[in-house]
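Below is one structure, written out as structure tokens, with a few remarks after it.
Where a number appears in this text, it was derived from the coordinates with a stated rule and is not lab data. Owing to the predicted nature of the structure, the values given are computational and were not obtained by experimental measurement. Positions of Cβ are backbone-derived with ideal geometry, glycine not excepted, and every protein chain shown enters the neighbour counts.
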Amino acid sequence: MTTTDGKADETTEIRRKRLRYHSWHRGTKELDLVLGQFAAKYLPDMTVAELDLYEAIVNENEHDIYAWLARREAPPPEHDNHIMKMILDFRITL
């Protein structure tokens with residue numbers, strides 16, 4: 001079975017693994033570190049609705065995400081939610 005976005009149905013756990021991988025492989029080291037560590041910490045406990053919000057954010061252009069994280073631009077209204085606030089407040093550990 002295929003969903004409206006063309007992806008085959010997947011379990012929530014497979015979705016978490018896919019999002020975790022996508023978070024660690026954004027194309028820039030800065031986003032890899034922030035989103036990768038954020039995903040490692042928070043994805044396991046996210047609800048399906050929260051996964052939807054997170055997935056919408058990480059599917060955005062990496063330059064836009066970086067501008068939001070650097071606080072050069074405010075996130076657009078569709079991403080102004082508690083997951084974005086969690087990402088903005090998240091601090092990486094080295």
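In region 25-41, the residues that are in contact (Cβ under 8 Å) with a residue 24 or more places away in the chain form Cβ pairs under 7 Å with partners that are basic (Lys, Arg), at six or more places apart or across chains, as follows: Leu35/Arg26.
Residues of region 60-85 that are closer than 19 Å to Tyr21 by Cα and either more than 13 Å from the chain's Cα centre (by Cα) or in a helix (DSSP H, G or I) (or both): Glu62, His63, Ile65, Tyr66, Ile83, Met84. Looking only at residues of region 16-50 that are loosely packed, with under 14 Cβ neighbours inside 10 Å and among the small types (Gly, Ala, Ser), we find that the one that is nearest to Arg71 (Cα to Cα) is Gly27. When Asp32, Asp89 are checked against the criterion of being among the acidic types (Asp, Glu) and within 13 Å of the chain's Cα centre (by Cα), Asp32 stands alone in meeting it. Do we find that Glu13 is of a type in the set (D, E, K, R), free of Cβ contacts under 8 Å to residues at least 40 places away in the same chain and loosely packed, with under 11 Cβ neighbours inside 10 Å in this structure? Against the criterion (of a type in the set (D, E, K, R), free of Cβ contacts under 8 Å to residues at least 40 places away in the same chain and loosely packed, with under 11 Cβ neighbours inside 10 Å), Glu13 qualifies.
I need a count of the residues in region 42-59 that are part of a helix (DSSP H, G or I) and either free of Cβ contacts under 8 Å to residues at least 24 places away in the same chain or in contact with a Ser or Thr (Cβ under 9 Å, 6 or more places away or on another chain) (or both). Give the derivation first.
Quick first cut of region 42-59, residues part of a helix (DSSP H, G or I) only: 42-45, 48-58.
Narrowing the set further to residues that are either free of Cβ contacts under 8 Å to residues at least 24 places away in the same chain or in contact with a Ser or Thr (Cβ under 9 Å, 6 or more places away or on another chain) (or both) leaves 43, 45, 48-49, 51-52, 54, 56, 58.
Summing the residues that are part of a helix (DSSP H, G or I) and either free of Cβ contacts under 8 Å to residues at least 24 places away in the same chain or in contact with a Ser or Thr (Cβ under 9 Å, 6 or more places away or on another chain) (or both) in region 42-59 gives 9.
Every residue in region 39-58 that is out of contact with any helix residue (DSSP H, G or I) (no Cβ under 8 Å at 6 or more places or on another chain) and not aliphatic (A, V, I, L, M), please. Don't jump to the end; show me each part of the working.
In the first step, residues of region 39-58 are kept if they are out of contact with any helix residue (DSSP H, G or I) (no Cβ under 8 Å at 6 or more places or on another chain); the result is 41, 45, 47, 49, 52.
Lys41, Asp45, Thr47, Asp52 - these are the residues of region 39-58 that are out of contact with any helix residue (DSSP H, G or I) (no Cβ under 8 Å at 6 or more places or on another chain) and not aliphatic (A, V, I, L, M).
Inclusion of Arg26 among residues that are in a loop (DSSP other than H, G, I, E, B) and within 16 Å of Arg91 (Cα to Cα) is not warranted.
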